[in-house]
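For reference, the structure discussed in these notes is given below.
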Amino acid sequence: MTEDPRRAQLRRMKAIALAMLLAMLCGFVLAHAMGNLGVWAWVSAFCEAATVGALAAWFAVVALFRHPLGLPIPHTAIIPRSKHRIADSLAAFVRDHFLEPQTLLARLEVFDPAAKLGEWLSRPEQSRRLAQLARGWALQALDLRDERAVREAIQRFVVARLQAWDAAAPAGEVLGLLTADGRHQQLLDEALKRLSRYLDGEAVKQRASALLVKHARREWPRLVGTVNWIKPVEGIADDLAERIARAVLDELNDILSQPRHPIRRDYERWLRGYIQRLRSDPELATRVAQIKQQLVDHPSVQDYVRGLWDQIHAALRQDLEREHGALAGHLQRSLESLGEALGRDPALREAINQHVMGGAEKLALRLRGGVTDYIAQTVKGWDERHLVEQLELSVGRDLQYIRFNGTLVGGLIGLVLHAVIVLLERAPA
């Protein structure tokens, strides 16, 4: 673990301050040894006063953090003794200057967050970066999910919605919409046309003839044997199949060409009655619900619902793993459009700013007391030695300049006082 560089800087500054104090002491002793005569008197005065100033500054700096020399001198170790007061003052400062609603709203109003957001999003590189960031978050969310829990949740959700769905009434409404403006008659016409084309095909006629021959030989074998003397039964069956098909086609054409054909009226009457029953008949609704429940409980349906998450997950992952996937591209275009809209629409900016400021005011009011208590309790809970160490590392280096200044200023004061004494001694009585 590397050492905090502030610690080395603090040690160096303390060593310099101590060296200055020792130099002043040596100078003072040397001046006395030289008899304090001539220039040595000035050196003595400077070093003596500088030593006093250095010691006073050292005492003042040390008294902030601990007891000087370990002695319980009153009004020393100020920071450890005042930890609780400092905690309350710091919490109150943050509360009054950062979480005061009016102050916060004034700063937000000047900042104009909607305009800044629009300007930021309108730059393609920013919206692209944000879209890619969201893509990464989405991939991480896919990796962190509990597959079994998600699959079971989807199954419960889908099955619950299907079970709660009243199928009969919506089916009646849908059929009612489909029958509006005669759409059901158009559907009947299309079905009849398809049936006509089907019955008019040679393959259908041949199958019908074969079925007639097969049935005749099984039911009336003697009659078929007698008829074969006159005409082959296959030929009779072909003629009969052709006539039946022609009769059915003629009937279908009659239905298609006559809007008031009895079959159309029967069809209309049956369909409308069935729609009404779907809407109001409890027995039919119960039957539809039973059919729906059978479908929901069917193993194939259950397996399909359980497999929905696998399909969704695979599709999402495949798209999100591509840098230029559809989701990322759509999000980027949406963000750019939002940025452009914010740039040209003052009303939109105003609306967003109002929402932001309203939310900020509510958040500030909600957090004001909690954050204040949290800061105060956190600071009060700090270990005193750790608190002193961190504060000393933060500001102790600068505080050593007090010792430097105390030494130099003390020495200068000593010179001034010595000069005054010399002038007084030389002054005539």
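Between GLN290 and SER394, what FRET efficiency comes out of the Förster formula 1/(1 + (r/R0)^6) with R0 = 45 Å and r the beta carbon distance, rounded to 0.05?
After rounding, the FRET efficiency stands at 0.05.
Residue separation of GLU323 and ASP88 scaled by 0.36 nm, minus their Cα-Cα distance, works out to 79.6 nm of gained length. In segment 279-429, the portion of solvent-accessible area held by carbon and sulfur atoms comes to 61 percent [1.4 Å probe, whole percent, DNA, RNA and ligands not counted].
If the label point is 7 Å along Cα→Cβ of ARG333, which residues in segment 341-359 have backbone nitrogen under 19 Å from it? Under 19 Å, as judged by backbone N against the label point of ARG333, lie 341-342 of segment 341-359.
Could you tell me the calculated FRET efficiency between GLN102 and ARG306, based on Cβ-Cβ distance and R0 = 45 angstrom, to the nearest 0.05? Present the calculation step by step, with values, prior to reporting the outcome.
Working: r = 56 Å, r/R0 = 1.24.
Efficiency, from the Cβ-Cβ distance: 0.20.
Counting heavy atoms of the protein chains alone, PHE98 has an accessible area of about 110 Å² for a 1.4 Å probe. Note on GLU152 and ALA360: their simple-model spin labels are 4.5 nm apart, each label 7 Å out from Cα toward Cβ. Spin-label model, ALA427/TRP42: points 7 Å from Cα along the beta carbon direction are separated by 2.2 nm.
Give the dimensionless ratio obtained when the Cα radius of gyration of segment 1-133 is divided by 2.2 N^0.38 Å.
Numbers: Rg = 27.8 Å, N = 133, 2.2 N^0.38 = 14.1 Å.
In units of the 2.2 N^0.38 Å rule of thumb, it is 1.97.
Distance from the alpha carbon centroid of segment 60-76 to that of segment 127-143 works out to 55 angstrom.
Just the accessible area per residue of segment 286-350, please: how many Å² with a 1.4 Å probe?
On the way: 4250 Å² over 65 residues.
Ligands and nucleic acids excluded, the result is 65 Å² per residue.
Were the residues from VAL29 through ILE73 laid out at 0.36 nm apart, the gain over their Cα-Cα distance would be 12.9 nm.
Over segment 34-149, accessible surface divided per residue gives 60 Å², non-protein components excluded, 1.4 Å probe. Summarise the accessible area of segment 1-118 (1.4 Å probe, protein heavy atoms) by the percent that is carbon and sulfur. C and S fraction of accessible area: 71 percent.
Where q = 0.10 Å⁻¹, what log10 of I(q)/I(0) comes from the Debye formula for segment 284-385, counting one point per Cα? Cα-only, vacuum Debye calculation for segment 284-385: -0.81.
Before I look further, what does segment 356-423 give for accessible area per residue, probe 1.4 Å, in whole square angstrom? Please list the in-between numbers first.
On the way: 4110 Å² over 68 residues.
For segment 356-423, the solvent-accessible area averages 60 Å² per residue.
Here the simple spin-label model places points 7 Å from the Cα toward Cβ, and for VAL416 and ARG385 these points are separated by 4.3 nm.
The values are calculated or read from the model by the stated rules, or taken from the named source; none is laboratory data. Computed from a prediction, not measured in an experiment: that's the story for all the values here. Here Cβ is always computed from backbone atoms with ideal geometry, including for glycine, and neighbour counts include all displayed protein chains. All accessible areas refer to the heavy atoms of the entire protein, side chains included, with ligands and DNA or RNA removed. Shrake-Rupley method; radii C 1.70, N 1.55, O 1.52, S 1.80 Å.
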